[in-house]
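Undergrad: Structure incoming, see below.
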Amino acid sequence: MVDISGSRSRSAAVWIWIPIIARMSRTAFFLLANPRTINTDINLMQSKVDGHAGHPWHFASFLLVCAGSCTPGFPSFQPAQALLLVTESNATGGSTLSRAPSFNPAGGIYASAQNVAIQSDQTTICYTVDGSAPSCSGDSCTAGNLYSAPVNVATATTIRAVSCSAGTSSSEMGEAQYTIDTLAPTVGTAIASSSSTTTSITLSWGAAADNISPTANLEYRLVKDDTTAANLGTLAMALAKTGGDLLMDWTAASVGSTATGLAASTTYHFAVIVRDQAGNQSLYSAQSFTTASPPGALDTSFSPGTGANDTVVEMAVQSDDKIVIVGNLITYNGTARAYVARVEANGALDTGFIVGSGASAGVRALALQTDGKILIGGLFASYNGTARNRIARLNSDGSLDMTFNPGTGADAPVDTIAVQTDGKIIIGGSFTTYDGTARARIARINADGTLDTTFDPGTGASNNVLAVTLQGDGKVLIGGNFTSYNGTGRTRLARINTDGSLDTSFNVGSGANGVIHSLALQTDGSIVAGGAFTTFGGSARNRIARVLSDGSLDLSFLPGTGANNTVQTVRLQSDGQILIGGSFATYNGTSRPGIARLNPDGSLEAGFNPGTGVAGSLATVNFIALQSTGRILLGGDYTSYNGTARSRLARVWN
């Protein structure tokens, strides 16, 4: 505004007037246009308004709003070019434009009582705090309180104010609303981690609640400490975190964030602060989380104590991530467990799994049923004092399942077990009879332990069957040390029809020139075989090979020089990568003591690095299993992993 009233006109602005376009109550509005005839036209305009309806009007001020060139001349009209405000004077001729009073601090939400100053360019200010409208005339209040000092606001309050001076009417009314919020927000559920990598941890927490501020207006701040959660134990400590420890500054409605740039295998401590619109703050309790370790590194959170005192031959992971282990062990972490034990997901012995006196000799084979019962096979002749020749079924608590009765059972060791979807059981080994009936090294038994006579292998396998894998169509893949099946040449790998006869459409040619210890069936029907062989089908394949669904060698699977010693176990990952374990020390010339991971094409996956791997007198991984977390369990005959003591059972990062 520029004051051009009376003889005190100081305006350097130059406009001409355009006829009145509005009149509201006791105020008239005019538009001004041409900058070159201001003196003449102001006088003209003054004479017009002075004579209007007998009222003594005069100029109070005008607002420059012309955005571009204005057409010269009078009284040409250019809309919205300038505004002249003319007010009616009082009897003495005085006149002043009065704006609404202002408030300091402005209305809002505050955490403590406020002393509110009311400001105006008029001499008299009248205000209310009860919601009514104040008014004033001249220099006195006709409604409300006369303002003389800041107004103390300690509760939710609306202040309304007007101002005036002698010879004027009330100004426009100003209003400010104040909310005093002294309560801090209530924190939500605790900080949790949904995932982690070697360099990041993804965090989330429950939304806080507040008595005043909407949930969407609450703000969060995420901080960390690299040493201890105690350093985030108070609000002041957490607020003091800056720089790299300030992971997320105040952000509205944010209940999650990912901490990045972290070190692998490292524990970090995190806290969250929440504040409401008044600035009240609350602290979520600090939580600690550890970044993932590089693939192949030892998972130190899995602690088996002194572990198994002798070889772990095979393992099976239950749906609850508990692990059943079998082999030559007599104790686990110092507690007697004859050849069979169950381990908690963290490596501790499951003391609720009671085997009594256990098996009478070594257990070599293991399979879980969908009902939680456990099939075991091996060299034993009894379990917990009850005769069970080389095969038995256990209840989920470790006791012998008396409803499974194999009769006289197998006459020699059972080395491998697989359960069909119909509950029938395929067994392989070095036996030649089952419950008195000839079954050369392979048999199928019913769910109650009796021999399934509809599965007839004829003369069966000519030597040990060490691996059995079931196809989706019910056919059975077998591997081992045999060179024929029911009189037909099949060197160490064969496929059997559902009735026990040889599937002649699966032809391995000259097959493997050494024992096959493990088979893994891929989703496309290809078979990955591991063992002690150095050729397959006449082509060099050192201890690992892939065979197509017709039995021929898959020439696209190229392991290079392969493993330099026996591959005892093959395990497929869901991403197509292949884990192998055994007594080898290198794979394709690269150090991988006992454990390696391969790409789908047979090449070494260099990202999985076990360091010095397994060590000990035999230094062998006999079996690999995966927990639901994807972490890798290694059972075998070793006493350390990458330099850390682990007796025959360890878990490593995937």
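Conditions (1) open to solvent by 20 Å² or more (accessible area, probe 1.4 Å); (2) in a strand (DSSP E or B), marked per residue:
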{"position": "203", "(1), (2)": "no, yes"}
{"position": "206", "(1), (2)": "no, no"}
{"position": "212", "(1), (2)": "yes, no"}
{"position": "222", "(1), (2)": "no, yes"}
{"position": "236", "(1), (2)": "yes, no"}
{"position": "241", "(1), (2)": "yes, no"}
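Undergrad: Of the numbered conditions (1) closer than 27 Å to residue 430 by Cα; (2) among the small types (Gly, Ala, Ser); (3) part of a loop (DSSP other than H, G, I, E, B), residue 341 fails exactly one; give the number of that condition.
TA: (3)
Undergrad: Inspect the range 560-568 for any residue being closer than 27 Å to residue 314 by Cα, touching a strand residue (DSSP E or B) at 6+ places or on another chain (Cβ under 7 Å), part of a loop (DSSP other than H, G, I, E, B) and open to solvent by 30 Å² or more (accessible area, probe 1.4 Å) and give the result as yes or no.
TA: Among the residues of the range 560-568, at least one is closer than 27 Å to residue 314 by Cα, touching a strand residue (DSSP E or B) at 6+ places or on another chain (Cβ under 7 Å), part of a loop (DSSP other than H, G, I, E, B) and open to solvent by 30 Å² or more (accessible area, probe 1.4 Å), which makes the answer yes.
Undergrad: Still on this model: Restricting the search to the range 588-625, which residues are assigned to a loop (DSSP other than H, G, I, E, B) and among the charged types (D, E, K, R)? First the steps, then the outcome.
TA: Taking the range 588-625 and keeping what is assigned to a loop (DSSP other than H, G, I, E, B), we get 588-589, 592-594, 599-603, 605-613, 616-619.
If the condition is that a residue be assigned to a loop (DSSP other than H, G, I, E, B) and among the charged types (D, E, K, R), then 592, 601, 605 are the ones that fit.
Undergrad: Can you tell me which residue among 138, 167 is out of contact with any strand residue (DSSP E or B) (no Cβ under 7 Å at 6 or more places or on another chain) and not hydroxyl-bearing (Ser, Thr, Tyr)? Break it down stepwise before answering.
TA: Working: 138 fails: out of contact with any strand residue (DSSP E or B) (no Cβ under 7 Å at 6 or more places or on another chain).
Among 138, 167, only 167 is out of contact with any strand residue (DSSP E or B) (no Cβ under 7 Å at 6 or more places or on another chain) and not hydroxyl-bearing (Ser, Thr, Tyr).
Undergrad: Condition first: open to solvent by less than 40 Å² (accessible area, probe 1.4 Å) and hydrophobic (A, V, I, L, M, F, W, C). Now tell me which residues in the range 593-608 satisfy that.
TA: Hits for the range 593-608 are 595, 596, 598, 604, 608.
Undergrad: Any idea which residue in the range 378-427 is most open to solvent (accessible area, probe 1.4 Å), counting only those that are of a type in the set (Val, Ile, Thr) and assigned to a loop (DSSP other than H, G, I, E, B)?
TA: From the range 378-427, those of a type in the set (Val, Ile, Thr) are 386, 391, 403, 408, 414, 416-417, 419, 421, 425-427; that's our starting set.
Right, trim to assigned to a loop (DSSP other than H, G, I, E, B) and you get 403, 408, 421.
On the way: 403: 92, 408: 79, 421: 154 Å².
Filtering first and then ranking leaves 421.
Undergrad: Right, here's the next one. Specify the residue that is most open to solvent (accessible area, probe 1.4 Å); the eligible residues are those in the range 499-527 that are touching a residue at least 40 places away in the same chain (Cβ under 8 Å) and among the hydroxyl-bearing types (Ser, Thr, Tyr).
TA: Among them, the one singled out is 505.
Undergrad: Is one or more of the residues making up the range 635-649 at pLDDT 95 or above, within 29 Å of the chain's Cα centre (by Cα) and among the small types (Gly, Ala, Ser)?
TA: Looking through the range 635-649, none of the residues is at pLDDT 95 or above, within 29 Å of the chain's Cα centre (by Cα) and among the small types (Gly, Ala, Ser).
Undergrad: Anything in the range 410-431 that is in contact with a Gly (Cβ under 8 Å, 6 or more places away or on another chain), within 22 Å of residue 361 (Cα to Cα) and not aliphatic (A, V, I, L, M)? List them, or say none.
TA: 413, 415, 416, 428, 429
Undergrad: Do we have residue 571 as among the basic types (Lys, Arg), part of a strand (DSSP E or B) and open to solvent by less than 40 Å² (accessible area, probe 1.4 Å) here? Spell out the reasoning first.
TA: Numbers: among the basic types (Lys, Arg): yes; part of a strand (DSSP E or B): yes; open to solvent by less than 40 Å² (accessible area, probe 1.4 Å): no.
No.
Undergrad: For the range 290-307, which residues satisfy the criterion of being open to solvent by less than 30 Å² (accessible area, probe 1.4 Å) and under 30 Å from residue 200 (Cα atoms)? Spell out the reasoning first.
TA: Keep residues of the range 290-307 that are open to solvent by less than 30 Å² (accessible area, probe 1.4 Å), which gives 291-293, 296-299, 302, 304, 307.
Selection gives 291, 292, 293, 296, 297, 298, 299, 302, 304.
Undergrad: Give the residues of the range 177-201 that are under 26 Å from residue 108 (Cα atoms), part of a strand (DSSP E or B) and among the hydroxyl-bearing types (Ser, Thr, Tyr), sorted by residue number. Walk me through it before giving the result.
TA: Our first condition is that a residue be under 26 Å from residue 108 (Cα atoms); within the range 177-201, this holds for 177-188.
Now narrow it down to the ones that are part of a strand (DSSP E or B): 177-180, 186.
Scanning the range 177-201 gives 178, 179, 186.
Undergrad: Something else about it: Might you check whether a residue that is open to solvent by less than 20 Å² (accessible area, probe 1.4 Å), within 18 Å of residue 310 (Cβ to Cβ) and without any contact (Cβ under 8 Å) to a residue 24 or more places away in the chain occurs anywhere in the range 338-353?
TA: Scanning the range 338-353 turns up at least one residue that is open to solvent by less than 20 Å² (accessible area, probe 1.4 Å), within 18 Å of residue 310 (Cβ to Cβ) and without any contact (Cβ under 8 Å) to a residue 24 or more places away in the chain.
Undergrad: Keeping to the range 137-150, report how many residues are farther than 24 Å from residue 114 by Cβ and in contact (Cβ under 8 Å) with a residue 24 or more places away in the chain.
TA: 3
Undergrad: For the range 174-199, give me each residue that is modelled with pLDDT under 95 and in contact with a Pro (Cβ under 7 Å, 6 or more places away or on another chain).
TA: Once the filter is applied, which keeps residues that are modelled with pLDDT under 95 and in contact with a Pro (Cβ under 7 Å, 6 or more places away or on another chain), the range 174-199 yields only 198.
Undergrad: Now a separate question. Can you find even one residue in the range 279-289 that is farther than 21 Å from residue 582 by Cβ, open to solvent by less than 20 Å² (accessible area, probe 1.4 Å) and in contact with a Phe, Trp or Tyr (Cβ under 8 Å, 6 or more places away or on another chain)?
TA: The answer is yes; a qualifying residue exists.
Undergrad: Say we look at the range 531-552 and pick out the residues that are free of Cβ contacts under 8 Å to residues at least 40 places away in the same chain and part of a strand (DSSP E or B); which of these is nearest to residue 493 (Cα to Cα)?
TA: 536
Undergrad: Out of the residues in the range 156-182 that are of a type in the set (A, V, I, L, M, F, W, C) and surrounded by fewer than 17 Cβ atoms within 10 Å (Cβ to Cβ), which is farthest from residue 123 (Cα to Cα)?
TA: Per the stated criteria, the residue is 156.
Undergrad: Among the residues of the range 252-264, how many are outside any loop (DSSP other than H, G, I, E, B) and open to solvent by 20 Å² or more (accessible area, probe 1.4 Å)? Walk me through it before giving the result.
TA: Just the residues of the range 252-264 that are outside any loop (DSSP other than H, G, I, E, B), to begin with: 252, 256-259.
This time we only want the ones that are open to solvent by 20 Å² or more (accessible area, probe 1.4 Å), so: 252, 256-258.
So the count comes out to 4.
Undergrad: Something else now. If you scan the range 265-278, which residues turn out to be open to solvent by 40 Å² or more (accessible area, probe 1.4 Å) and not hydroxyl-bearing (Ser, Thr, Tyr)?
TA: Of everything in the range 265-278, those that are open to solvent by 40 Å² or more (accessible area, probe 1.4 Å) and not hydroxyl-bearing (Ser, Thr, Tyr) turn out to be 275, 277.
Undergrad: Exactly one of these conditions fails for residue 535: (1) within 18 Å of residue 480 (Cα to Cα); (2) within 36 Å of the chain's Cα centre (by Cα). Give me its number.
TA: (2)
Undergrad: Within the range 570-598, which residues are aliphatic (A, V, I, L, M) and over 18 Å from residue 618 (Cβ atoms)? Break it down into steps so the answer makes sense when it comes.
TA: Going through the range 570-598, the residues aliphatic (A, V, I, L, M) turn out to be 570, 572, 578-580, 585, 595-596, 598.
Correct list: 570, 572, 578, 579, 598.
Undergrad: Scanning for something touching a residue at least 12 places away in the same chain (Cβ under 8 Å), surrounded by fewer than 24 Cβ atoms within 10 Å (Cβ to Cβ), of a type in the set (S, T, N, Q) and outside any loop (DSSP other than H, G, I, E, B), does the range 637-647 turn up at least one residue?
TA: The answer is yes, given that some residue of the range 637-647 is touching a residue at least 12 places away in the same chain (Cβ under 8 Å), surrounded by fewer than 24 Cβ atoms within 10 Å (Cβ to Cβ), of a type in the set (S, T, N, Q) and outside any loop (DSSP other than H, G, I, E, B).
Undergrad: Picking from 310, 320, 249, which residue would you name as being on the phi < 0 side of the Ramachandran plot, part of a strand (DSSP E or B), of a type outside the set (A, V, I, L, M) and open to solvent by 40 Å² or more (accessible area, probe 1.4 Å)? Write out each step before concluding.
TA: Working: 310 fails: part of a strand (DSSP E or B); 320 fails: part of a strand (DSSP E or B).
After ruling out the rest, the residue left standing is 249.
The values are calculated or read from the model by the stated rules, or taken from the named source; none is laboratory data. Remember, predicted model here, so these are calculated numbers, not experimental data. Here Cβ is always computed from backbone atoms with ideal geometry, including for glycine, and neighbour counts include all displayed protein chains. Note: accessible area is taken over every heavy atom of the protein model, side chains too, but ligands, DNA and RNA are not part of it. Shrake-Rupley method; radii C 1.70, N 1.55, O 1.52, S 1.80 Å.
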